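The values are calculated or read from the model by the stated rules, or taken from the named source; none is laboratory data. Everything numeric here is computed off the predicted structure, so don't read it as measured data. Using ideal geometry, Cβ is built from the backbone for each residue, glycine included, and neighbour counts are taken over all protein chains shown.
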Amino acid sequence: MATASPNFPEIKQEQLQPYLHDSIVVPDELQANVLVTTLDKVYNWSRKSSMWPLLFGLACCAIEMIATAASRYDLARFGMEVMRPSPRQSDLMIVSGTVTKKMVPAIVRIYNQMAEPRYVLAMGACATGGGPFKEGYNVVSGIDKYIPVDVYVPGCPPTPEALIYGLLKVHEKVERQSILTVPWYRKDQSEFVPVPRLGPDIFDPRQVELIKETTMKKPAVASAAASGGDAAATHAAGPKEVSSKAKARMEEAKRRAAAKRA
Ligand code: SF4
């Protein structure tokens with residue numbers, strides 16, 4: 001058993017542990033100055049103690065995030081006070097605010113530009129599930145549909161205390177990882193998230209096959225009519241043909257947009 005050093009009286013006797021290996025011989029004068037730990041512990045401790053968040057806010061939740069970084073809550077105690085303006089230097093993306101369809105491609109592109117190890121915290125009801133705007137025409141119901149999220153912080157908006165709790169949960173996750181199994185040292189596991197495309201609606205390129213399968217289904221109008229099927233069954237069978245009137249309207253809109261660009 002190691003003994004307390006007069007130089008470090010604050011180290012209590014019960015905090016000192018017996019050495020696990022008889023093969024480690026520690027001279028008496030160094031008994032209270034030698035720490036034996038695992039590589040994982042040091043690796044994770046250094047990562048969690050200097051986790052730099054990305055300077056990135058989308059809506060009202062961002063104000064709470066800014067308040068968290070201000071003097072009252074003092075993020076500096078976690079080594080997180082410097083919000084980096086570049087994804088290349090950041091470890092943590094805090095998605096704070098309403099995620100619109102227009103913004104999703106930019107968010108995914110920024111996420112892809114962050115170097116591993118990287119973590120994502122979804123802050124607030126909007127980022128976690130669409131919030132009060134869920135099912136809105138321009139809002140996605142959660143950023144986790146597009147990028148992997150490590151920690152969710154609920155609330156509308158969450159308080160700075162809630163965000164700090166979420167940050168501590170990220171730290172806990174970091175502490176549980178092992179250098180032997182983390183994906184960023186394994187060639188086969190590097191993850192690139194395809195950037196979603198924004199057209200008339202946003203879609204994830206990973207779901208192209210599914211979208212094709214659904215939209216390319218032949219409308220069963222003719223066959224249902226021939227067999228005397230009811231209207232509900234016909235409607236459920238597939239998308240309706242675009243009417244000639246609607247086609248003309250689309251053409252007109254395209255012409256106007258082209259004229260505007262020219
Ligand atoms: S969760 Fe509430 S506070 Fe946060 S961005 Fe959405 S509406 Fe604003």
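If only residues of the range 44-71 that are polar (S, T, N, Q) and exposed (fewer than 14 other Cβ atoms within 10 Å of the Cβ) are counted, the one that is nearest to Ile179 (Cα to Cα) is Ser46.
Where helices (runs of 4 or more DSSP H) sit wholly within the range 88-177, those with at least 3 residues that are more than 10 Å from the ligand (Cβ to nearest atom) and crowded, with 20+ Cβ neighbours inside 10 Å occupy 104-113, 160-176.
Restricting the range 4-50 to residues that are part of a loop (DSSP other than H, G, I, E, B) and touching a helix residue (DSSP H, G or I) at 6+ places or on another chain (Cβ under 8 Å), the residue that is modelled with the highest pLDDT is Ser49.
This table checks each residue for (1) within 16 Å of the ligand (Cβ to nearest atom); (2) among the hydroxyl-bearing types (Ser, Thr, Tyr); (3) over 16 Å from the mean Cα position of the chain (by Cα).
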| site | (1), (2), (3) |
| --- | --- |
| Thr38 | no, yes, yes |
| Arg47 | no, no, yes |
| Cys60 | yes, no, yes |
| Glu64 | yes, no, yes |
| Ala70 | no, no, yes |
| Arg77 | no, no, yes |
| Glu81 | no, no, yes |
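For Lys102, work out the one condition from (1) over 14 Å from the mean Cα position of the chain (by Cα); (2) of a type outside the set (Phe, Trp, Tyr); (3) over 21 Å from Leu198 (Cβ atoms) it doesn't fulfil. Just one mismatch for Lys102, condition (3).
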